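A short worksheet on the structure shown next.
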Amino acid sequence: MYSDKNLEKLFALIPQTKALNIVRDPIGSLKNLVNYPCRRDADKTQVLDFSCNPDEICENLIGYVACDEQTGLSKKYEDFPSYPQLNAIRPRLFNEWEKACTYHDTELRECLVNLKDNSITCIDMSEIVGEKAFETMNTLAKEFDFPPPNPQDKERFEAYISAYEGLLPLTFSLCTCGLDMKIYCTDKVWSTDTRIYIDQGMTCSRENFHTEAFEKYQDITQFLYGQESFYERIILCMDKKDFEIFKNHQQACDEARAYFSRFIPRLEQQKEIEAQKRKTITERDILSYLKAHKDLCVKAKDVFDEHLKFLRFVRPDIIESWSYYQEFLSICKEQECT
């Protein structure tokens, strides 16, 4: 993964410092990857308009990784099925890019040549999720010398950040009354202080992403509906310059208000549908599938062994606490005996 010479130079420029390594039971990680909702419009370049049927939009936004049985590789985004598939384990483990995105801890540790083992703090993923997140961040603030989180942001730390993963953001074109502008439907979780982050995928300049977050966008939810958000998370935004024109066009405002009054409840309904789909495959299902497919089980063990080499050296107690991974190791031993 880290073979680029420029990357090697970058890693070498990182001085000795404190570092944080967040770790997770690899069986839990694999379950999450299999259940992960992917946008079928992977580049997020699709632009919708008010003539689009909310049902058709919402039903076709998300797909789930699946294995092409003929090639053994992942299917194309546009061909992803509507429900999680256990056969997605194969491309998640065999595809070098996908594998490297998740199971890379030891490789990354070896690249950080100036760091010392005793300067790296390892914590389990469960410590930064839900109700534990806020207190964990307070503890880490003391250890890593950064400002502690504001108590008023406690709910933000407890929120499920990925609730609208794959569903938002969406871009809508507004072409009425001679106007030509865009309205962005997005998740409020990406709006902090005066910043509003609008990810337009491949059409978005990465160089200007942060600058535009501060300067470019206007939240128009309050203007259109007299409320801060929908379902505590969904907001509507547009370019500040466009808003100065938009707010003076009553017909355009009425059309936008009417359309999103229909669309947003349907999107929320789809969010609940996808939330249920994400529960389809459990860690127990992952273990059963690996047990039934010995080649996958062997591959998974090789991947996990390499991935966990550093953690096993510095914090074996964390690995021992992972019940699903320990059960996976038992399956591996059983297969060695058969």
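The values are calculated or read from the model by the stated rules, or taken from the named source; none is laboratory data. Just so it is clear, the model here is predicted, and its values are computed rather than measured. Glycine also receives a Cβ, built like all others from the backbone with ideal geometry; neighbour counts cover every protein chain displayed.
For Ala159, the criteria (1) under 30 Å from Ile62 (Cα atoms); (2) of a type in the set (Gly, Ala, Ser); (3) at pLDDT 90 or above hold in every case but one, which is (3). Considering Asp79, Asp4, Asp41, the condition of being modelled with pLDDT under 90, loosely packed, with under 12 Cβ neighbours inside 10 Å and over 30 Å from Phe313 (Cα atoms) is satisfied by Asp79 alone. For Ile273, state whether it is touching a residue at least 60 places away in the same chain (Cβ under 8 Å) and either under 25 Å from the mean Cα position of the chain (by Cα) or in a helix (DSSP H, G or I) (or both). No, not satisfied.
Within the range 239-251, is even one residue in contact with a Ser or Thr (Cβ under 6 Å, 6 or more places away or on another chain), assigned by TED's automatic domain parsing to the domain that holds Asp187 and either within 19 Å of Asn60 (Cβ to Cβ) or not basic (Lys, Arg) (or both)? No: zero hits. Within the range 232-240, can one find any residue that is outside any helix (DSSP H, G or I), at positive phi, within 21 Å of the chain's Cα centre (by Cα) and at pLDDT below 95? Checking the range 232-240: at least one residue is outside any helix (DSSP H, G or I), at positive phi, within 21 Å of the chain's Cα centre (by Cα) and at pLDDT below 95.
Could you grab me the full set of residues in the range 123-152 that are farther than 28 Å from Thr17 by Cα and either among the acidic types (Asp, Glu) or surrounded by 13 or more Cβ atoms within 10 Å (Cβ to Cβ) (or both)? Residue satisfying the conditions is Glu131 alone. One residue stands out in the range 11-38 among those that are in a strand (DSSP E or B) and not β-branched (Val, Ile, Thr): the one that is farthest from Gly166 (Cα to Cα), namely Ala19.
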